[in-house]
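Contents: one structure, followed by commentary.
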């Protein structure tokens, strides 16, 4: 269909279970509402025929967004130079949480340049969760007219 799978989650909500499919276009153009609708219709029809989920659930299709999860090793190569938050399953060099710029990927090792000025190496199999850090918008002062005295 021209889409890549980013992440699939099946979770209990307060009232119903939700199957969430996060996808992106393979041509790297931004996902739109029509893309999500197309995926939802196709996947919904396949799920109706195959019926792999026996309980009631809602189907949700979304795009990765600005804080995109990094779920595949290739994601780190693709987003080299971007800032990421990474959490590991076990401590690496005494810590489980890292926030730094993706500097390099060699084999299954990801190098992050930390704000403290050092590089941290984390192996992909140890990563529990990771996502890009959205760029903060630049705050510019608004010029207000001077108050009349």
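The values are calculated or read from the model by the stated rules, or taken from the named source; none is laboratory data. Predicted model, so just to flag it, every value in this text is computed and none were measured. For neighbour counting, all protein chains shown are included, and Cβ atoms are generated from backbone atoms with ideal geometry for every residue, glycine included.
Of the residues 61, 8, 86, the single one that is in contact (Cβ under 8 Å) with a residue 24 or more places away in the chain, within 20 Å of the chain's Cα centre (by Cα) and closer than 20 Å to residue 125 by Cβ is 86. Screening segment 68-78 for residues that are surrounded by 16 or more Cβ atoms within 10 Å (Cβ to Cβ) and part of a loop (DSSP other than H, G, I, E, B) and picking the one that is nearest to the chain's Cα centre (by Cα) gives 68.
Of the listed requirements (1) within 18 Å of the chain's Cα centre (by Cα); (2) touching a residue at least 24 places away in the same chain (Cβ under 8 Å), residue 13 misses just one: (1).
Looking only at segment 97-113, residues that are out of contact with any strand residue (DSSP E or B) (no Cβ under 6 Å at 6 or more places or on another chain) and surrounded by 14 or more Cβ atoms within 10 Å (Cβ to Cβ) come to 1 in all.
Search segment 130-149 for residues being assigned to a loop (DSSP other than H, G, I, E, B) and within 15 Å of residue 81 (Cβ to Cβ), and hand back the single one that is modelled with the lowest pLDDT.
So the residue we want is 135.
Yes/no per residue for (1) at pLDDT 95 or above; (2) in a loop (DSSP other than H, G, I, E, B); (3) in the same structural domain as residue 115 (by TED's automatic domain parsing); (4) surrounded by 11 or more Cβ atoms within 10 Å (Cβ to Cβ):
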position	(1), (2), (3), (4)
19	no, no, no, yes
28	no, yes, no, no
31	no, yes, no, yes
44	no, no, no, yes
52	no, yes, no, no
55	no, yes, no, no
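Taking (1) within 13 Å of residue 70 (Cα to Cα); (2) modelled with pLDDT under 95 in turn, residue 127 satisfies each apart from (2). Test residue 23 against the criterion of being part of a strand (DSSP E or B), crowded, with 16+ Cβ neighbours inside 10 Å and in contact with a helix residue (DSSP H, G or I) (Cβ under 7 Å, 6 or more places away or on another chain), and give yes or no. So residue 23 passes the test.
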